[in-house]
Every structure is written in structure tokens, then in C-alpha cells.
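Data block below; observations after.
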């Protein structure tokens, strides 16, 4: 099939290259000239394990191209919308200007029988509104909603081997037409027996926001338990291990620590609350406000814990922050808890140096007032305390004995409960973590 992908950021670029891997001819369209130039040159404009290799393979087939001109999307049977839906400034609602602009631009090339397939995370009701617009301007053209469920760090795997496919389809015969086209797009995935949910627009839109809200709730639940553990002397890691053995609960996403960030969970749960309010159903999601509050309190608590460890004052203390990305295997610093904590420590008088295996360049660009280092050793030189705030494998595997030779004081704050506490304490470190006894 010939496919277009509108928006070639993190989601769109991975999707475009993955569709070539499935056998299709793909053109990716984006308004950012530098991004398009990088993709055409087989350079990934972001860090994602396995993506650059996938991109190079796809370009080598001759079936992948990138452009800044939407006219190059003409003739595609399916047009995937992969543009961002950030949080509006000053409010919780999602900003849909990029989705609307993408659809408006597509109208110039769209033909009857083609499908506009939304992958962007949007408030419920968006697909129906866009379907009315598309159908009114190009009779016979269809809209479907096909939400993405990518995990940063696993995006290639999640695109080529998803755990489910969700189609939001129009009613009547048009729904069958759109479903057949999407099945053709994902033919190898469908043939493997991947679960598929073919449903209406509203349900498909809600699947992504409901999933993210559930994950955010689970993370905030264990962080609320961490607050209680600190008050009672209990150990949140052992607590999570114990309740995680219950199949109804499960151990995944029960890792207490600094909480979630990034470009999805925070803004998606806020947009979900905002849309519920517009629909008069805001009481159904009031619990998400506390989920958000618990998550943000973790950052404040980490700063307080650093002050405690540093004898009650941050002023003039040298602090190494290991981690800038919001999660490992990513260079994404959007709403990064690590950088938020680093900035708060600096504002309160600490001398802070931040490092990260992938996100230093992004950090320097977006947080120019922070000092960045290339390696953990450089960041920790003569440090009075080390904070591990992103659970990169490189930090989990640090040798606490050798690393201890770099610092001024062997004090480590494990913001992700990622380190081997026994190994670090055996090497002479004072170990502290959210929700756990001092070691």
C-alpha cells in the first residue's frame, strides 16, 4: 500500500519506518525542515534504541521518503495523523491546533475512498468532529482512530509487535471499508493473531487516555504507600514485592520513587480531566487530581530528603544528579522529574551538576542555567551527595567502591529504588531512598 504519515516527530517517524518494514511505500510529512533533512539523511532526530537502524533499512529499500510538502501525500490509501497534542498553556485541556492543521492540509490532496487514521492522543469527541469535517469537504473519504501505545525506549518493538490493535470506526458500511484498509496496513501483525478491538470513535479515543490514567494511578498509589512507609518505618520495595505477587495487582509499575513525567502521562491525565469537565462528568475523574498531586509531591520530597542528608542545608553543597531524561533509554526531557529536582536544588543554594547518557544536549538547550557533565564521574567529582534520578542501566551498574573514590562524601539518594542497597552500603555509602529506611 501507499501510506502517508503526517507529523514525523517521535511517534510519526517510528511509525513511518515501521510501515516500510511491514512492506508498504511510505511518505512522511512534517513542517520542520531540519527534522525532515535529518530523517532523509538517516539520522534519528531523537534517541530511541533500534530506531536509527530501522530508519536506515527503510530508506535503503527506496520505499520511504520524507517531505515538508503535504502534496507528496497524494495518492496514499491511508493517511496517519501523528502530530502532537500538548497541554494548553495555563489550563489542563489538550491543544488540538496541530491535529486540526494537519487535517486541514490533507483536505487538499484527500480523495474519496482514502482513510485518515488518527494516532494522536486526543480528547473524546475529536474523531467524530474531524469525520464531519472530512466527510463534508471530501465525500467518500473516511476517518478512523487508531491510537498508539508506544513506550519510549521500546517504540520499535511496540509498533512492529503491539500487544493489541484498536480501531475506532465510523458506523455502517464505511466502518467495514475502513477496517479492511487498516487490516491491510497491519496484515503481518493481524496474521500473528494480535488481539484487535474494532469499536466506535469514542471508545477508541478513550482507550489510550484510560490506559495512561490507570498506569498513572498505579504509580501514584505505590508512591502514596511510600509516604506512609516513611511515616511508619516500613519498606516500600518489600511492600511492592509482597502485593505484586497477587495476580490481580501485579508487580509492574509498582516501583516507588520520583514519579512519572514525559510528554504523555502528565498531560494526558490532565486533558482527560478537562474533557470530563466539558462533558459534565468531572466527578468521575476527581481521583486523577490526587494522582497528579501525589506524583508532584515526590519531587518536593526528594529535595527535602536531599536537605536532610546534607545536614539540614543545601547552601553551597555540591550535588551530582544522575539522570536528566524522564525515563531511561530516552532523550526526552519533557516534564522531567530529574531536571525539576535539579533546578529546585540549585534554586535553594546547591551547586548542581547533571549528567545523562542521552539527554545532556536536550538538557543544555532547555535548561541553560543548569550545569551538565558528560559522565557520572565528572558530575560527582567532590560531590557531597549523589542523586540517582533516572534509572539508566549505566547507573544501576556503577561500581560503588570505585565511584566512592570520586566524591567528597559517600551519600547516595536513590530516587528510583534502582540500586543494590546492600552493595552500596557495604562500600561505605549512606543510602537513602523514598519510602525506605536509611541504610
Seminar exercise, completed: Considering the range 114-148, residues that are in contact with a helix residue (DSSP H, G or I) (Cβ under 8 Å, 6 or more places away or on another chain) and surrounded by fewer than 18 Cβ atoms within 10 Å (Cβ to Cβ), and then whichever is nearest to residue 270 (Cα to Cα), we arrive at 125
For this session: Tell me which of these residue 261 doesn't satisfy, since it passes every other one: (1) assigned by TED's automatic domain parsing to the domain that holds residue 327; (2) surrounded by fewer than 16 Cβ atoms within 10 Å (Cβ to Cβ).
Result: (2)
For this session: Determine whether the range 223-232 contains at least one residue that is within 26 Å of residue 168 (Cβ to Cβ), touching a residue at least 40 places away in the same chain (Cβ under 8 Å) and touching a helix residue (DSSP H, G or I) at 6+ places or on another chain (Cβ under 6 Å).
Result: no
Exercise. Inside the range 226-242, can you point out the residues that are under 23 Å from residue 269 (Cβ atoms) and surrounded by fewer than 18 Cβ atoms within 10 Å (Cβ to Cβ)?
Worked result: 227, 228
Exercise. Which fully enclosed strands (runs of 3 or more DSSP E) of the range 1-107 have 1 or more residues being free of Cβ contacts under 8 Å to residues at least 60 places away in the same chain?
Worked result: 25-29, 64-67
Exercise. Which members of the range 163-175 meet the condition of being buried (at least 17 other Cβ atoms within 10 Å of the Cβ) and within 22 Å of the chain's Cα centre (by Cα)?
Worked result: 165, 166, 167
For this session: Scan the range 181-194 and give yes if some residue there is in contact with a helix residue (DSSP H, G or I) (Cβ under 7 Å, 6 or more places away or on another chain), touching a residue at least 40 places away in the same chain (Cβ under 8 Å) and within 13 Å of residue 147 (Cβ to Cβ), otherwise no.
Result: no
For this session: Determine which member of the set 204, 178 is assigned to a helix (DSSP H, G or I), surrounded by 17 or more Cβ atoms within 10 Å (Cβ to Cβ) and more than 23 Å from the chain's Cα centre (by Cα).
Result: 178
Exercise. Which of the following residues is part of a loop (DSSP other than H, G, I, E, B), within 30 Å of residue 221 (Cβ to Cβ) and either under 25 Å from the mean Cα position of the chain (by Cα) or modelled with pLDDT of 95 or more (or both): 368, 357?
Worked result: 357
Problem set entry | Residues satisfying the stated conditions in the range 333-357, i.e. under 17 Å from residue 368 (Cβ atoms) and either without any contact (Cβ under 8 Å) to a residue 40 or more places away in the chain or not assigned by TED's automatic domain parsing to the domain that holds residue 309 (or both) | 333, 339, 343, 346, 347, 351, 352, 353, 354, 355, 356
For this session: Scan the helices (runs of 4 or more DSSP H) fully inside the range 373-417 and keep the ones with 2 or more residues being surrounded by fewer than 16 Cβ atoms within 10 Å (Cβ to Cβ).
Result: 393-396, 400-404
Problem set entry | Residues (under 16 Å from residue 302 (Cα atoms) and not in a helix (DSSP H, G or I)) located in the range 207-261 | 255, 256, 257, 258, 259, 260, 261
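The values are calculated or read from the model by the stated rules, or taken from the named source; none is laboratory data. Note that the structure is a prediction, hence the values are computed from the model and not measured. So basically every Cβ, Gly included, is an ideal-geometry build from the backbone, and we count neighbours across all protein chains shown.
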